[in-house]
Amino acid sequence: MKKEVVAMLLAGGQGSRLYALTSHVAKPAVPFGGKYRIIDFPLSNCVNSGIDTVGVLTQYRPLELNSYIGSGQPWDLDRWDGGVHILPPYMREGDQGTWYKGTANAIYQNIGFLDMYDPEYVVILSGDHIYKMNYADMVEQHKKTNAACTISVLEVTLEEATRFGIMNADENGRVYEFEEKPKHPKSTLASMGIYVFTWSKLRQYLIDDEADPNSSNDFGKNIIPKMLDAGETLMTYRFQGYWKDVGTIDSPWDANMDMLAPGNENGINPYDTSWPIYARTPIRPPHVTGVNACISHSLVTGGCQVDGTVENSVLFHSVTVEEGAGVHYSILMPGAVVKKGAQVSYSIVAEGAVIEAGAKVGAPPSEDPDWGIAVVASGVTVGENAQVKPKAMIREDVKGGEQA
């Protein structure tokens, strides 16, 4: 069962900064782009890169994510030799069992799984990034440079660099210094949290790190600095292309809006047949538009019924927009309902939420100095003629006529 490359996909994040969007699901399971979920991107990257053995490490609210991945069939990962494996925390002999304490600890707890395949190389991925990448190219560079670790990086602005782990590298791409979220960054090469490790090297560092009571058990904070201190060869792999870390409430809205860019110049191109994004999509009838419907510059998925106005928006399957309702620069997730005369602007309406007749959710930036994306959580009802202000995070029902 030996494999040259095994991918480990960290998909247990709570996504607390996404607030209402992750109150019922893990961040990698959040819907994206009309028919996908965020985890579809790294999973599709794996199969498109020729990696057929993937461990998915789940933790926070795993039920929906586990059900969504299932046997891995939509991504061609339902294989007897390899395939996709769900890896939750578990109780081991002699201890009480623990949650994954950090990114490195999550891999440490699954050393047995990796030993079963005895890979030459391990690719560490995050389940909450939207991008297309050929991991095979990164592994090939890792081999050629005889690196212990290769870190995918991208150029960011100096202002953005303070939010990332920054790699300071020489002209050959060899890392000589790592700074975690520096106040005064020395370079703009930001770590994407995507790594290739030589497994024989990483395995020992994980064991040693676990024995350190002062460690945070994290790749960026602990493993990489320790490898640098030990004189290991760490190389950068420069990524050029679209990449979005869906970490704040504005980022999924931005990324969905990027899908609407002309020719997808600024976003992910879902029509690229050379690098398809696979997904488990429900079977729904074609979307229906009424005689008075007006749809412009929007993505509308199967099972939708649109009788109102939809512009610059993304509608997932089974969404209803009744006559006289307006949806502008917004994301409506599966099963959302916008009733007669309601107006939704610059908002994210999560799965199964209902915006009753005459209600108003969100507003354009020009209408509110304290503007931000409004979010209505899964299953919430905004009552008739109620108003949800910009930047509001609505997790509970709003009664008719109230303001939230």
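The values are calculated or read from the model by the stated rules, or taken from the named source; none is laboratory data. None of the values given here were measured: they were computed from a predicted structure. No Cβ is skipped: glycine too gets one built from the backbone with ideal geometry, and neighbour counts run over all protein chains shown. What goes into the accessible areas is simple: the full protein's heavy atoms, side chains included, and nothing from ligands, DNA or RNA. Shrake-Rupley method; radii C 1.70, N 1.55, O 1.52, S 1.80 Å.
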### Task
Give the residue that is nearest to SER200 (Cα to Cα), with candidates limited to residues of segment 134-154 that are without any contact (Cβ under 8 Å) to a residue 40 or more places away in the chain and either in a strand (DSSP E or B) or of a type in the set (Lys, Arg) (or both).
LYS143
### Task
Consider only pairs whose beta carbons are under 7 Å apart and that are at least six residues apart or on different chains; among these, list those whose first residue lies in segment 224-242 and is under 30 Å from ASN256 (Cα atoms) and whose second residue is open to solvent by less than 30 Å² (accessible area, probe 1.4 Å) and in a loop (DSSP other than H, G, I, E, B).
THR236/GLY173; PHE239/MET133; TYR242/GLY267; TYR242/ILE268
### Task
Show the residue pairs that are 6+ apart or on different chains and have beta-carbon atoms under 7 Å apart, the first residue being within segment 346-357 and buried (at least 24 other Cβ atoms within 10 Å of the Cβ), the second being basic (Lys, Arg).
ILE355/LYS339
### Task
Working carefully through the options ALA148, ALA169, ALA190, ALA161, find the one that is touching a Pro at 6+ places or on another chain (Cβ under 8 Å), more than 17 Å from ILE51 (Cβ to Cβ) and not hydroxyl-bearing (Ser, Thr, Tyr).
ALA161
### Task
Only residues that are open to solvent by 10 Å² or more (accessible area, probe 1.4 Å), of a type outside the set (Asp, Glu) and in a strand (DSSP E or B): list them for segment 306-320, please.
THR309, THR320
#### Entry: ASP212 vs. criteria out of contact with any Ser or Thr (no Cβ under 9 Å at 6 or more places or on another chain) and without any contact (Cβ under 8 Å) to a residue 12 or more places away in the chain
yes
### Task
Scan segment 46-92 for residues that are within 18 Å of the chain's Cα centre (by Cα), open to solvent by 50 Å² or more (accessible area, probe 1.4 Å) and at pLDDT 90 or above and jot them down.
ILE86
### Summary
Within segment 93-115, residues open to solvent by less than 70 Å² (accessible area, probe 1.4 Å), over 22 Å from the mean Cα position of the chain (by Cα) and either at pLDDT below 85 or charged (D, E, K, R) (or both) come out as ASP95, GLY97, THR98, ASP115
### Summary
Sole miss for TRP275 among (1) at pLDDT 90 or above; (2) more than 20 Å from the chain's Cα centre (by Cα) is condition (2)
### Task
Would you check if SER296 is hydroxyl-bearing (Ser, Thr, Tyr), surrounded by 15 or more Cβ atoms within 10 Å (Cβ to Cβ) and over 30 Å from ARG174 (Cα atoms)?
no
### Summary
Expected single match for touching an Asp or Glu at 6+ places or on another chain (Cβ under 7 Å), among the small types (Gly, Ala, Ser) and surrounded by 20 or more Cβ atoms within 10 Å (Cβ to Cβ) among ALA377, ALA386 is ALA386
### The one condition in (1) open to solvent by 30 Å² or more (accessible area, probe 1.4 Å); (2) of a type in the set (S, T, N, Q); (3) free of Cβ contacts under 8 Å to residues at least 40 places away in the same chain; (4) over 26 Å from VAL56 (Cβ atoms) that ASN168 fails to fulfil
(1)
### Hey, VAL30 modelled with pLDDT of 95 or more, surrounded by 15 or more Cβ atoms within 10 Å (Cβ to Cβ) and either farther than 30 Å from SER298 by Cα or not hydroxyl-bearing (Ser, Thr, Tyr) (or both) or not
no
### Message
Being more than 19 Å from ASP397 (Cα to Cα), touching a helix residue (DSSP H, G or I) at 6+ places or on another chain (Cβ under 6 Å) and either open to solvent by 30 Å² or more (accessible area, probe 1.4 Å) or assigned to a loop (DSSP other than H, G, I, E, B) (or both) is the requirement here; does ARG284 meet it?
### Response
no
### Query
For segment 330-342, does any single residue satisfy the condition of being touching a Pro at 6+ places or on another chain (Cβ under 9 Å), surrounded by fewer than 24 Cβ atoms within 10 Å (Cβ to Cβ) and at positive phi?
no
### Task
Could you run through segment 116-135 and say how many residues are surrounded by fewer than 16 Cβ atoms within 10 Å (Cβ to Cβ) and either touching a Ser or Thr at 6+ places or on another chain (Cβ under 6 Å) or closer than 15 Å to VAL56 by Cα (or both)?
1
### Message
Quick check on ASP250: is it open to solvent by 20 Å² or more (accessible area, probe 1.4 Å), among the acidic types (Asp, Glu) and either under 30 Å from GLN73 (Cα atoms) or over 19 Å from the mean Cα position of the chain (by Cα) (or both)?
### Response
no
### Task
Could you tell me whether GLY303 is more than 17 Å from PRO334 (Cα to Cα), assigned to a loop (DSSP other than H, G, I, E, B) and not aliphatic (A, V, I, L, M)?
no
### Meets criteria (at positive phi, touching a residue at least 12 places away in the same chain (Cβ under 8 Å) and open to solvent by 40 Å² or more (accessible area, probe 1.4 Å)) for GLY303
no
#### Entry: LYS244 open to solvent by less than 60 Å² (accessible area, probe 1.4 Å) and touching an Asp or Glu at 6+ places or on another chain (Cβ under 8 Å)
yes
